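Heads up, the thing below is written out as structure tokens.
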Amino acid sequence: MVMSLRRSTVWVLLASGLVAALLLAAASPIPPVHAQAKKLKIGVIFDYTGPLAGGGSDLHALGAKIMIDHFAKKGGVEGYKIEAVYADAQSKPEIAINEAVRLIEQEKVDMLLGFYSSAQCVPVAGRVEQLQKFMWITTCISSAVLENRNLKYVFRIQPSGRQFGLMSTDFISQNAKAKLGKEPKDLRVAIIHEDGAYGVDVSKGNEEGAKKAGFNVVLKEGYAATAPDLASLVTKLKRARPDVIFHTGYNPDISLFLRQARELGLRFNALVGHGAGYGVYDKLKEALGKDVNYFYNVDPISIWLANEKALRPELVPLIKMVVLMGVDARRIYLITSALGGGLAGLAACLLVLQYDVHPFVGLSFGPITFLICVLGGLGNFGGGFVAAFVFAELISLGGLYLDLEWGYVFAFVFFIVMMFVRPAGLLARRS
Amino acid sequence: VTRSLGWIAGAGLVALPFVYQQPYHLHLMVVILIWSFAYTSWSVMGRFGLVSLGHGGFMGIGAYVTALAWNHGGVTPWIGIPLALLAGGILAVLVAYPCFRFRITGHYFALVTLALSGIVLQVITATRDHTGGSLGYTPTRHQGGSSLYALQFTGKTTWYLIALAVWGAGLYVWYRVDRSMMRYALEAISEDEDGAAAAGVHVTAEKLKITVLSAMMTALAGALYCQYQMFISPDTVSGISISLQMVFAVVVGGIYVSLGPTVGAVITILLAEVLRISFGTRAVGWDNLVYGILLVLFIVFLPKGIVGSIVDAVRPRRAGRLAV
């Protein structure tokens, strides 16, 4: 028994060492060949995985790839051959930093292209500036990326978030009388946004525009795009009774918000989104059906909605290709989500009614579920039931009267205190 | 022999950045050293059965207190970091003292601390007017880039040496604890609290001491991470996922040996980087899948961790827990 155990240990060590060695060999960079003199090497960084991928980053990545392939096939630009290295930022700022440094230092790229989330652009731009390489940002619309930073090597081909925000308020102010039957100064508006660089920036534009138009701002609130529950935000909105809601979010949170808004019977005359999830029309329609027809969105038009006849003829097949390739990429993503989510049980089936499914959806529930079980007393069915209600109420009420996150703080503090007072569970008999 | 080998390895590590200058590799090494120190801090208490899932919270406190003091109060990190350590220590006492007093041990202790890291994460996110919320937070650059006063350096070599020194100090603390009477007291406590108390061990005090030590070390790791990366966000330095990351890495490396957490950090970080780079964008998402499977395999087949198993294989005769 002891012998075999030790032998198996040795085998595992050997095998894992071998795997590591192979992987290292596979990953070590191929020595660069200086054959062609004029070559431009581009490092492309987008999120192929994680919540931002479905929120639109993989579409951007696809667009970039199509254009790069197109020019590479044509033989390059201005006599320069083009070569691209692609990297996945996995929806995490620290990975984006790692990849940016790696592409510049190891792969020796001449410039970086891409970046979807402003939370990645802000730190990466600082690094790139330090290394004195070019960074060409396709998305990251937050003003915080460029404003007052005096960057010399970073470029962005996008309007800033503030401009988005101003545009949407301007649009509502112009149409208020004709379409909503109210003077702008009588209009009750709410501004809600995810609290990353992007949402904060657009909401600032919203606020500025609302002030200019004379709207009555009844609610302005941020939330974390990863928040697992937005019901208390919806309740707050119901209480504030806005005519128009200005919303800025990514994708999973937009679907979640809209579903919960529908369930709780939130009413409004107009809802204006600002890109990201609101630009991915297909996904919204999948989630909400006909309701999407009552939404407005400030965004460059999705290419598959573009009028083919108005385009240059050579662009039409390109666009068809985008849609086709999009399906393919999505299938791979589906397989990995299925594998990742294979352990979700019956509760998950019920939760899917409210949530967009993505491979990371489970992460926000695991710890809370566990805490609730222990709070109720392990193996105590009734206790678990009561604990779940108490937890949910604390989270919702905390979120209703303060910011969303404070609800969780209250619930966690309650848990800790109850562990001191009643460690065997809420309904346990005193021994 | 082991000792002289150790000195040679140490000298090699110090000399490394002067010989080898690849910035990406140095960057990885700095990150690995900082995380190694954080993991070592966790295992200082984790090895005695005090499984804390609250270290993500301590790390977040360390990073955010230092950065907030610098940006809002203009307090140099030389004062900010001790403040951060103090804050981490106070938080540890606030949570751990009642836990030990009311004899909350084992899984229950893990869960109480789990709630703690949840609280820290949510408070950082909720106070977005000061901390930037999910957007993250960047310490203001001192003019000129590098400055000892602001503890900001643009060169990777400086950071490498700082991280190396702190990591070495972490190992030294581990070693001192390993050689102290405290270790015997804590081992007795982890076996049987009543027995230890009967034998004259002050259970609550001993556990509290090691918890505060571990929490303060972790807060230091958070502060260093912040000063090096110059960017922190709630998810990268705090929360439950960071706590779990610490536990996984330490278990993979080996919880009862001094170099275990370091090896855990090296393996988990390199594995994640190598997998991501080699799978690249060709097979999106598979790197995480393989990473997860390998982690599970390591934990199932090498419950003593990689270093622990090697030590056992090399010295099969000697019994008991050995320090390398």
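The values are calculated or read from the model by the stated rules, or taken from the named source; none is laboratory data. The structure displayed is predicted, hence computed values, not measured ones. Glycine gets a Cβ as well: all are built from the backbone with ideal geometry, and neighbour counts include every protein chain shown.
Brief remarks on what is shown
- Entirely in the range A:51-166, the strands (runs of 3 or more DSSP E) that have 2 or more residues that are among the aliphatic types (A, V, I, L, M): A:81-88, A:111-114, A:134-137
- Scan of the range B:172-214 for residues that are over 20 Å from B:TYR256 (Cβ atoms), in contact (Cβ under 8 Å) with a residue 40 or more places away in the chain and of a type in the set (A, V, I, L, M, F, W, C), ordered by number: B:VAL203, B:LEU208, B:VAL212
- Qualifying residue in the range A:253-266 (condition: in contact with a Gly (Cβ under 6 Å, 6 or more places away or on another chain), within 26 Å of A:ILE395 (Cα to Cα) and not basic (Lys, Arg)): yes
- Tally, over the range A:171-201, of residues that are within 29 Å of A:ALA125 (Cβ to Cβ) and modelled with pLDDT of 90 or more: 3
- Condition check for A:MET167: crowded, with 24+ Cβ neighbours inside 10 Å and either of a type outside the set (S, T, N, Q) or away from chain B (no Cβ under 14 Å) (or both): no
- Of all residues in the range A:400-425, exactly one satisfies the criterion of being more than 7 Å from every other protein chain (Cβ to nearest Cβ) and of a type in the set (Ser, Thr, Tyr), namely A:TYR401.
- Selection of the range A:233-243 for residues being surrounded by fewer than 18 Cβ atoms within 10 Å (Cβ to Cβ) and under 23 Å from the mean Cα position of the chain (by Cα) yields an empty set.
- The range A:105-122: number of residues that are surrounded by fewer than 21 Cβ atoms within 10 Å (Cβ to Cβ) and over 19 Å from A:LEU62 (Cα atoms): 5
- Taken together, the residues in the range B:116-149 that are assigned to a loop (DSSP other than H, G, I, E, B), in contact with a helix residue (DSSP H, G or I) (Cβ under 8 Å, 6 or more places away or on another chain), more than 10 Å from chain A (Cβ to nearest Cβ) and surrounded by fewer than 21 Cβ atoms within 10 Å (Cβ to Cβ) amount to 3.
- Residue ID - nearest to the other protein chains (Cβ to nearest Cβ), chosen from residues in the range A:101-115 that are touching a strand residue (DSSP E or B) at 6+ places or on another chain (Cβ under 6 Å) and closer than 19 Å to A:LEU151 by Cβ: A:LEU103
- When A:TYR86 is tested against (1) more than 9 Å from chain B (Cβ to nearest Cβ); (2) over 30 Å from B:GLY133 (Cβ atoms), only condition (1) is not met.
- Taking the listed residues B:LEU86, B:LEU91, the one that is among the hydrophobic types (A, V, I, L, M, F, W, C), part of a helix (DSSP H, G or I) and within 14 Å of chain A (Cβ to nearest Cβ) is B:LEU91, with no other qualifying.
- Test: residue in the range B:194-205 that is more than 24 Å from B:VAL30 (Cβ to Cβ), acidic (Asp, Glu) and either in a helix (DSSP H, G or I) or more than 14 Å from chain A (Cβ to nearest Cβ) (or both): yes
- Scoring B:THR113 on the criteria (1) free of Cβ contacts under 8 Å to residues at least 60 places away in the same chain; (2) under 30 Å from A:CYS373 (Cβ atoms); (3) more than 8 Å from every other protein chain (Cβ to nearest Cβ) leaves a single failure, condition (1).
- Annotation note: of A:VAL202, A:VAL234, A:VAL189, A:VAL217, the sole residue that is in a helix (DSSP H, G or I) and more than 14 Å from every other protein chain (Cβ to nearest Cβ) is A:VAL234.
- Residues in the range A:216-232 that are at pLDDT 90 or above and buried (at least 21 other Cβ atoms within 10 Å of the Cβ): there are none.
- B:GLY168 of a type in the set (Gly, Ala, Ser), within 21 Å of B:LEU28 (Cα to Cα) and more than 21 Å from the chain's Cα centre (by Cα): no
- Residue list for the range B:280-301, restricted to those being closer than 17 Å to B:GLY264 by Cβ and either among the acidic types (Asp, Glu) or touching a residue at least 40 places away in the same chain (Cβ under 8 Å) (or both): B:LEU295, B:PHE298, B:ILE299
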